[in-house]
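The values are calculated or read from the model by the stated rules, or taken from the named source; none is laboratory data. Please read all numbers here as calculations on a predicted model, not as lab measurements. Neighbour counts are summed over all protein chains in view; Cβ atoms, including those assigned to glycine, are modelled from backbone coordinates with ideal geometry.
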Amino acid sequence: MFFRRSCSKVRCILASVIALQKDLKESFKCTCGKVHSVPKIEIVFEDNAFKHIDDFFENATYLVDENTAKLVETPAARTIKLEGSPRVLATMENVEKAMSQIKSDLIVSVGSGSLTDIAKYAAHLAGKSFSCFPTAPSVDGYTSCVAAILVNGEKTTAQAVVPKKVVVDMTILSEAPIDLLRAGIGDIAAKVTARLDWMLSNLLIGEPICEFAWDQLRDELEVVLDDSERVLSRSKEAVLRLMNVLLVSGLNITIVGNSRPASGAEHLISHTLEMYHEAINEIPPFHGLSVAMGTYVTLKAYRVIFEDVRLKRTCLTNEERFRVLSDFFGEEKAKRFMNLYERKIEPKQIDLDHVRRTLKPTYEKFLEKVESALEAIRVEELFASYEPEFITKLILISNTIRERCTVLDLLDQLCLLKDFARKVFEV
């Protein structure tokens, strides 16, 4: 990864991204036992780049929507404009629309999470190159190698193209809609619960863990979480720090080769919620906001483990699980998710004392910071849009949609998930 920008203040704020480039070199032996490669991504920081975007991308096809087309002027002959009300979603249908209209060897997304996922997955399927022009610091997908795509109503994490170039315009980012700034804080707060879940999975089922990902993110993450209010007040410095951490998080995903460094139980809850809205033809909350809801629930789940919260031990039966899945998605999808759930690796034994000793220092260090960030983005207002019974059901089934091991599985194994889901707001 390399950078263009002369401002020393920007380089100071981007220290963690620059360190990732210098420290890891082109390839390195990881604690997981594998040799990882670091991709070459050019990241350009340029104020007012939106005024001359075509100077940064040679003969590119641009992907925009109605909102970003108003922000950034792109050559009409090489622009694909997707339509959606009130916004475009990352669906397979939109990927296919984009693929059918690519007019060059490079596709550039001009937008935030959904347009970026559409463009890089379309590039992957079409054998094209991909770059991006982010319009909000809302997700970590700009530098990641995966795309979250709705395929037949199911949220899938698909392999995608790594960007050749990311052009970051602080004028555009700092003026992003407030809900997208909130979403960025929500997405970055989730890196703490994702870290806890990865450590937990390593202890319970022996999943290999890549320590470099946390080492590169940890210190700057603390600063960004403390800076949440300044991000929401549109401080360019705070927004730049947020964008920096999002870029590092996405790069971690690319180096590891999957979303594990950035995604745990909170993302399973988010994906389940987003699929539910898709199933009833509704627009879900912005991804980072639904992730914030998942992070809130996941922190509560860890409180049960670390603070020995008293809950009733009542095992959730597979019949109950299937019934809730069917209510959400219909019987056909419920069967597929149950098959996934039943393939999960179960821990041979659960040593809660060892789990607590290993994970609690990270939990205690970040708990107040994450809670403060979630409060700043008013996460409880997001829950107010749903009935308590719906949230209970959402929690009960979110660990069925992926084989990934998380704290929801630990509560499930301990027969605490059922009561936790009912009492999540009391924990």
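Values computed for the structure shown
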item	result
Qualifying residues in the range 67-89 (those that are over 24 Å from the mean Cα position of the chain (by Cα) and not hydrophobic (A, V, I, L, M, F, W, C)) - the one nearest to GLU278 (Cα to Cα)	LYS81
Qualifying residue in the range 167-179 (condition: more than 18 Å from ARG402 (Cα to Cα), part of a loop (DSSP other than H, G, I, E, B) and touching a Cys at 6+ places or on another chain (Cβ under 8 Å))	no
Qualifying residue in the range 108-123 (condition: over 15 Å from LEU180 (Cβ atoms), hydrophobic (A, V, I, L, M, F, W, C), in the same structural domain as ALA183 (by TED's automatic domain parsing) and in a strand (DSSP E or B))	yes
Filter result for ARG323 (free of Cβ contacts under 8 Å to residues at least 24 places away in the same chain, part of a helix (DSSP H, G or I) and within 28 Å of LEU221 (Cβ to Cβ))	no
Subset tally (residues that are among the polar types (S, T, N, Q) and within 13 Å of LEU417 (Cβ to Cβ)) for the range 289-315	2
Looking only at the range 223-247, and only at residues there that are surrounded by fewer than 20 Cβ atoms within 10 Å (Cβ to Cβ) and farther than 18 Å from ALA292 by Cβ, the one that is nearest to the chain's Cα centre (by Cα)	VAL223
Top-ranked residue of the range 348-378 - restricted to ones that are surrounded by fewer than 18 Cβ atoms within 10 Å (Cβ to Cβ) and assigned to a loop (DSSP other than H, G, I, E, B), ranked as modelled with the lowest pLDDT	LYS348
Considering residues of the range 80-106 that are buried (at least 19 other Cβ atoms within 10 Å of the Cβ) and polar (S, T, N, Q) only, the residue nearest to VAL151 (Cα to Cα)	THR91
Selection from the range 206-218 of residues that are surrounded by fewer than 16 Cβ atoms within 10 Å (Cβ to Cβ), in contact (Cβ under 8 Å) with a residue 40 or more places away in the chain and either outside any helix (DSSP H, G or I) or assigned by TED's automatic domain parsing to the domain that holds ASP351 (or both)	PRO208
Residue identified as in the same structural domain as THR91 (by TED's automatic domain parsing) and assigned to a helix (DSSP H, G or I) among LEU240, LEU289, LEU268, LEU273	LEU240
Tally, over the range 256-305, of residues that are within 11 Å of ASP187 (Cα to Cα) and either of a type in the set (S, T, N, Q) or surrounded by fewer than 24 Cβ atoms within 10 Å (Cβ to Cβ) (or both)	4
Scope the range 379-427; condition outside any helix (DSSP H, G or I), charged (D, E, K, R) and under 26 Å from SER259 (Cβ atoms); matching residues	ARG402, GLU403, ARG404
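Here's the yes/no breakdown for (1) closer than 23 Å to LEU289 by Cβ; (2) in contact (Cβ under 8 Å) with a residue 24 or more places away in the chain:
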site: THR68; (1), (2): yes, yes
site: ALA76; (1), (2): no, no
site: ASN94; (1), (2): yes, yes
site: THR116; (1), (2): yes, yes
site: ALA122; (1), (2): no, yes
site: GLY127; (1), (2): no, no
site: THR135; (1), (2): yes, yes
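The rows are residues; the columns are (1) assigned to a loop (DSSP other than H, G, I, E, B); (2) among the aliphatic types (A, V, I, L, M); (3) more than 24 Å from the chain's Cα centre (by Cα); (4) modelled with pLDDT under 90.
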site	(1), (2), (3), (4)
LYS22	no, no, yes, yes
PHE28	no, no, yes, yes
GLY33	yes, no, yes, no
LYS51	no, no, yes, no
ASP54	no, no, yes, no
PHE57	yes, no, yes, no
